[in-house]
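Trainee: Pasting a structure here, questions to come.
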Amino acid sequence: MTSRRSKAASGTLYGVGVGPGDPELVTLKAHGVLQRVPIICVPQSETSQDSYALSIVRGFLDLKRQEILRISFPTDDAQGAARAWRDGADALAVRLQQGQDAAFITEGDPMLYSTFSYVLEHIRSVYPAIPVEIIPGVSSVMAAAASSGVPLVTHGQRLAILPAVYGIDDLREAIASYDTIVLMKVNRTLLQALASLERLGLAGKGVYVRRATTDREQVVRDLNQLTEEDLDYFSLLIIRKGE
Ligand SMILES: C[S@@+](CC[C@H](N)C(=O)[O-])C[C@H]1O[C@@H](n2cnc3c(N)ncnc32)[C@H](O)[C@@H]1O
């Protein structure tokens, strides 16, 4: 006897940008998907207590009806992280192949320095039949420009976005080629970058924005005030040559 049961259609994987922090900056489209899908996939580093992206959208979810699927990843072990993304994407694929939709949430926009790209790469290469839809979000870069009132670029000016892991040589190179540089993923090397600004003749040209659009937002224009204790992962520096 042959079975007439057809294979269930795969669910859709949504890569959802949830914006920089203020829940009012979650787009209507993201909001609709987040309320509808049965699975919310949440990336979370092994060292953090909670997911920043989840804290932004928690109020939109109904956890009696929706399941949180966490992908936990190490931040100090590249191979371990690659394994975590692969395993996490495989676990997610099982659920998608059962016909359930899932939203992978990411702070800001999912296509800018986002963990979603690791999952996307694995799903695309190993499970090409799974449909994927990406919903853009308000990036922290745009939010920080708005909070500080600093236009990023105008007319024919050039913008560079870099992770703040570079030394003075890279910064000098970026400053030579671009009008505005945004340094993201702030860590201790930011203080070296700040010292470099003085040497590059750009003292007074930077603005530091922490936790933009949240109730803990802080905009620091006098960078001499910043100490290591003030540094926060959820912050960035805008360096604008022309002002
Ligand atoms: C892994 S990246 C994610 C970027 C995100 N996909 C986006 O579009 O903004 C994390 C970095 O984004 C920046 N960031 C995220 N949220 C922020 C906020 N509310 N205020 C300032 N910077 C933020 C910080 O530089 C942080 O280190």
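Trainee: Looking only at region 135-150, filter to residues that are over 19 Å from the mean Cα position of the chain (by Cα) and in contact (Cβ under 8 Å) with a residue 60 or more places away in the chain; which one of those is farthest from Gly21 (Cα to Cα)?
Mentor: Just the residues of region 135-150 that are over 19 Å from the mean Cα position of the chain (by Cα), to begin with: 148-150.
From what is left, the residues that are in contact (Cβ under 8 Å) with a residue 60 or more places away in the chain are 148, 150.
Working: Ser148: 15, Val150: 19 Å.
Of everything passing the filter in region 135-150, Val150 is farthest from Gly21 (Cα to Cα).
Trainee: In region 85-104, which residue that is more than 21 Å from the chain's Cα centre (by Cα) and free of Cβ contacts under 8 Å to residues at least 60 places away in the same chain is farthest from Asp62 (Cα to Cα)?
Mentor: We begin by selecting, within region 85-104, every residue more than 21 Å from the chain's Cα centre (by Cα); these are 90-91, 93-101.
This time we only want the ones that are free of Cβ contacts under 8 Å to residues at least 60 places away in the same chain, so: 90-91, 93-94.
Working: Asp90: 25, Ala91: 22, Ala93: 22, Val94: 22 Å.
Selected residue: Asp90.
Trainee: Step by step: first the residues of region 218-243, then only those that are among the charged types (D, E, K, R) and under 13 Å from Leu194 (Cβ atoms), then the one that is nearest to the ligand (Cβ to nearest atom). Which residue is that? Break it down stepwise before answering.
Mentor: Quick first cut of region 218-243, residues among the charged types (D, E, K, R) only: 221-222, 228-230, 232, 240-241, 243.
From the residues that got through so far, the ones that are under 13 Å from Leu194 (Cβ atoms) too are 221-222, 228, 230.
On the way: Arg221: 15, Asp222: 18, Glu228: 16, Asp230: 13 Å.
This residue is Asp230.
Trainee: Tell me, please, whether a residue that is at pLDDT 90 or above, of a type in the set (Lys, Arg) and outside any helix (DSSP H, G or I) can be found in region 46-64.
Mentor: Yes, region 46-64 has at least one match.
Trainee: Something else now. Here is a check on your reading of the model: is Ala89 part of a helix (DSSP H, G or I), more than 10 Å from Gly15 (Cβ to Cβ) and within 16 Å of the ligand (Cβ to nearest atom)?
Mentor: Details: part of a helix (DSSP H, G or I): yes; more than 10 Å from Gly15 (Cβ to Cβ): yes; within 16 Å of the ligand (Cβ to nearest atom): no.
Considered against the rule, which asks whether it is part of a helix (DSSP H, G or I), more than 10 Å from Gly15 (Cβ to Cβ) and within 16 Å of the ligand (Cβ to nearest atom), Ala89 comes out as no.
Trainee: What single numbered condition from (1) under 21 Å from Ile56 (Cβ atoms); (2) within 19 Å of the chain's Cα centre (by Cα) fails to hold for Val219?
Mentor: It is condition (2) that Val219 fails.
Trainee: Within region 184-228, which residues are without any contact (Cβ under 8 Å) to a residue 24 or more places away in the chain and either of a type in the set (A, V, I, L, M) or outside the structural domain of Ala160 (by TED's automatic domain parsing) (or both)?
Mentor: Ala195, Ala203, Val220
Trainee: Restricting the search to region 92-140, which residues are under 22 Å from Pro38 (Cα atoms), surrounded by fewer than 19 Cβ atoms within 10 Å (Cβ to Cβ), of a type in the set (Val, Ile, Thr) and away from the ligand (no atom under 15 Å from the Cβ)?
Mentor: Once the filter is applied, which keeps residues that are under 22 Å from Pro38 (Cα atoms), surrounded by fewer than 19 Cβ atoms within 10 Å (Cβ to Cβ), of a type in the set (Val, Ile, Thr) and away from the ligand (no atom under 15 Å from the Cβ), region 92-140 yields Val94, Ile130, Val132.
The values are calculated or read from the model by the stated rules, or taken from the named source; none is laboratory data. As the structure is a prediction and not an experimental result, all values here were calculated from the model. For neighbour counting, all protein chains shown are included, and Cβ atoms are generated from backbone atoms with ideal geometry for every residue, glycine included.
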